[in-house]
1. Where residues in segment 329-369 are among the acidic types (Asp, Glu) and at pLDDT 95 or above, which of them is least open to solvent (accessible area, probe 1.4 Å)?
2. Quick one: how many residues across segment 283-316 are more than 28 Å from Leu267 (Cα to Cα), among the aliphatic types (A, V, I, L, M) and touching a Phe, Trp or Tyr at 6+ places or on another chain (Cβ under 9 Å)?
3. Note down all Cβ pairs under 6 Å where the first residue falls in segment 165-181 and is open to solvent by 70 Å² or more (accessible area, probe 1.4 Å), the second is modelled with pLDDT of 95 or more and of a type in the set (A, V, I, L, M), and they're at least six residues apart or on different chains.
4. In this structure, is Asn150 buried (at least 21 other Cβ atoms within 10 Å of the Cβ) and modelled with pLDDT of 95 or more?
5. Tell me, yes or no, whether segment 154-162 has at least one residue that is in a strand (DSSP E or B), of a type in the set (D, E, K, R) and closer than 26 Å to Leu325 by Cβ.
6. Read through the list (1) assigned to a strand (DSSP E or B); (2) touching a residue at least 40 places away in the same chain (Cβ under 8 Å); (3) open to solvent by less than 20 Å² (accessible area, probe 1.4 Å); (4) closer than 23 Å to Asn398 by Cβ, then give the number of the only condition that Val265 fails.
7. Just wondering, is there one or more residues in segment 133-140 that are open to solvent by 40 Å² or more (accessible area, probe 1.4 Å), part of a strand (DSSP E or B), touching a residue at least 40 places away in the same chain (Cβ under 8 Å) and not basic (Lys, Arg)?
Amino acid sequence: MAAALALGWALPPAAAAAQISTWSEGSWSWFGDPRAVQVGGSAGTTFAGWIDWSGRVTIGAYDARDGLMSESVVARVYHDDHSGPSILVEPDGRLTAFWSGHNGAVMYYRSTLRPADINAWTPVAQLHQNIRGPDGFTYPNPVLLAGEANRLYLFWRGADWSADVATRTPSGRWGPGRELIRSSGQRPYLKVADNGSNTIGIAFTNGHPREVLTSVYYADYRNGSLWRASGRWITRLDWAPIAPRQADLVYDASRTGVPAWVWDVALTTASRPVIVYATFPSNTDHVYWYATFDGHRWVSHKLTTAGGSISPGTIEYEYSGGIALDHDDPSIVYLSRQVHGGWEIERWSTPNGGSSWSRTTVVPADGTDNVRPVVPRGEAGSQVGLLWLRGDYDSYTNYRTSIAFTR
């Protein structure tokens, strides 16, 4: 079903020039992407996906031409934000939403019947995995490679806690799932991004920072193989899984004794990777970092302290406010950090690969959480510059947040 909405409020002039709108009640994790996409350029439509307070898996649309917001419920599951949907823009302009339960038995997906129109959808389809293990699907990440005749790569965390992948041919035929990254007894956390053509950048950890001393790693996929950022060959995709140590070591936790968690990865116009991640010197002291590959080595720059967890009453001590790259221009970062009065969102930009920065406050702290920012992916010039969660985030099953955005 679809319903039209229109609601907004303005920032104080001294804080920023952006107009802020609140869309609908809901939440998302940061390990499933894209959470938001842009179709049709600056005069087109921004689509976002979330799961609401009662477990309705929702796709929303914001039409820049008339400023109207609409939403369509594609499924109903348990109200766990790990079940938030990821959105793929198909070559013909239709949208496909992917979602699963938290460790769900199957991956679900369905597509719109018409390009850029969320009012009508195909029936729900299922993707089953042939990977043995006690767990199921979590965190869908679909990536379409135009340079491979629009072959789809779908990444997820799978049955044996490995990072897994399956491909879909341009005709729509799925191949078998396979393990991509295995870290014995641990669950690698993965973020992916593409260069719009033939390369997928993969940033990941060797586990959960609560359970193991986690470092940050990186590998490319292109031309059927996995590579280091320097161009050194690792292995064929058909021969995966790889162990984290086979990839680039971006951040080495064994040297600092401080675990990390990856937040985002993007590729520049020259296909060089950029990664943002958080480290945890203590439960109440998170730190954001910006890492680039300069053609020879990885260089990490400290951005800022981030405060503590947005879920302090739970075991999720590493739930930072969140940091995201602008995938059209990875020299721009949006981050949520704890300040007096709550969590504010700031825009940081660098002219020199992270050596120096300028920053502005986009969303001031006002006594509530403003967390997990994300920039819509796709065509540049979106009227929606930023989306985030606004409200009270207690845990991944107990959230009273809404989807907010600037325009």
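1. Glu346
2. Final tally of qualifying residues: 1.
3. Listed by first residue and then by second, the contacts come to Pro170/Ala149.
4. Against the criterion (buried (at least 21 other Cβ atoms within 10 Å of the Cβ) and modelled with pLDDT of 95 or more), Asn150 does not qualify.
5. yes
6. With (1) assigned to a strand (DSSP E or B); (2) touching a residue at least 40 places away in the same chain (Cβ under 8 Å); (3) open to solvent by less than 20 Å² (accessible area, probe 1.4 Å); (4) closer than 23 Å to Asn398 by Cβ applied to Val265, the lone miss is (4).
7. The answer is no, given that none of the residues of segment 133-140 is open to solvent by 40 Å² or more (accessible area, probe 1.4 Å), part of a strand (DSSP E or B), touching a residue at least 40 places away in the same chain (Cβ under 8 Å) and not basic (Lys, Arg).
Quick grid of which residues meet (1) in contact with a helix residue (DSSP H, G or I) (Cβ under 8 Å, 6 or more places away or on another chain); (2) closer than 15 Å to Arg168 by Cβ; (3) assigned to a loop (DSSP other than H, G, I, E, B):
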{"position": "Leu88", "(1), (2), (3)": "no, yes, no"}
{"position": "Asp92", "(1), (2), (3)": "no, yes, yes"}
{"position": "Ala97", "(1), (2), (3)": "no, yes, no"}
{"position": "His102", "(1), (2), (3)": "yes, no, yes"}
{"position": "Tyr109", "(1), (2), (3)": "no, yes, no"}
{"position": "Ala120", "(1), (2), (3)": "no, no, no"}
{"position": "Ile131", "(1), (2), (3)": "no, no, yes"}
{"position": "Pro142", "(1), (2), (3)": "no, yes, no"}
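The values are calculated or read from the model by the stated rules, or taken from the named source; none is laboratory data. All values derive from a computational prediction rather than experimental measurement. Quick reminder, even Gly has a Cβ in these numbers, built from the backbone with ideal geometry, and neighbours come from all protein chains shown. Accessible surface areas use protein heavy atoms only, side chains included; no ligands, DNA or RNA. Shrake-Rupley method; radii C 1.70, N 1.55, O 1.52, S 1.80 Å.
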